[in-house]
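Rule-based calculations on the coordinates, nothing more; no lab input. Since we're looking at a predicted model, the values are computed, not measured. All Cβ positions, glycine included, derive from the backbone under ideal geometry; neighbour counts span all protein chains shown.
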Amino acid sequence: MVELVGPPSSRLRQWIQRYGVSEAFGAAAAIGGWWAVDSLTGSAIASAYGATVAEALAFYGVMWLREVVRDAHEAGRFGEPYGINAIVTTTRKLALEFGPSEILDAAAIRPLMIGLGTHYLGRNLGVLAGKFTADVAFYVPVILTFERRKGRAARRPPGSR
């Protein structure tokens, strides 16, 4: 069970700070991925997967870079080194946070939502509408995992990471 601590506005602000920049890059990449694959194939199905892959690469690239920088800064605060083993640990934490949700999302939910969105709303609006619809299903388990991890970190003794 995950206990959400703090007022909803504070948690929402924290989630936006954590995921917002990556989401912005992902949204732009999704549109670009759709257009690139569509211009090569003309296939709505292939284009929906192209948008999904482009979004995932942009989203996780930005998320990973931000987490590595944050964790390196945190290690430096405690005078600890931040090398390849620490980068692997950061990557593993992100995989645990996003992995289960991402598998289902990338394989089925997001391409389906983007495909339906573009079918009914046209390309640009459809890609964004499909992306945001898929985000709802994606973020429920992701945020619960993040909050659980955050709760565990808060229960650790000060100075231990």
Inter-residue pairs, beta-carbon under 6 Å, first closer than 19 Å to Gly26 by Cα and in the stretch 116-129, second of a type in the set (A, V, I, L, M) and surrounded by fewer than 16 Cβ atoms within 10 Å (Cβ to Cβ), 6+ apart: Ala129/Leu121
Single residue of Ile143, Ile109 found to be surrounded by 15 or more Cβ atoms within 10 Å (Cβ to Cβ), closer than 26 Å to Ile45 by Cβ and in contact with a Phe, Trp or Tyr (Cβ under 9 Å, 6 or more places away or on another chain): Ile109
Residue check, Ala48 more than 13 Å from the chain's Cα centre (by Cα), under 22 Å from Ala134 (Cβ atoms) and surrounded by 15 or more Cβ atoms within 10 Å (Cβ to Cβ): yes
Test: residue in the stretch 90-99 that is in contact (Cβ under 8 Å) with a residue 60 or more places away in the chain, farther than 22 Å from Ala29 by Cα and either in contact with a strand residue (DSSP E or B) (Cβ under 7 Å, 6 or more places away or on another chain) or surrounded by fewer than 16 Cβ atoms within 10 Å (Cβ to Cβ) (or both): no
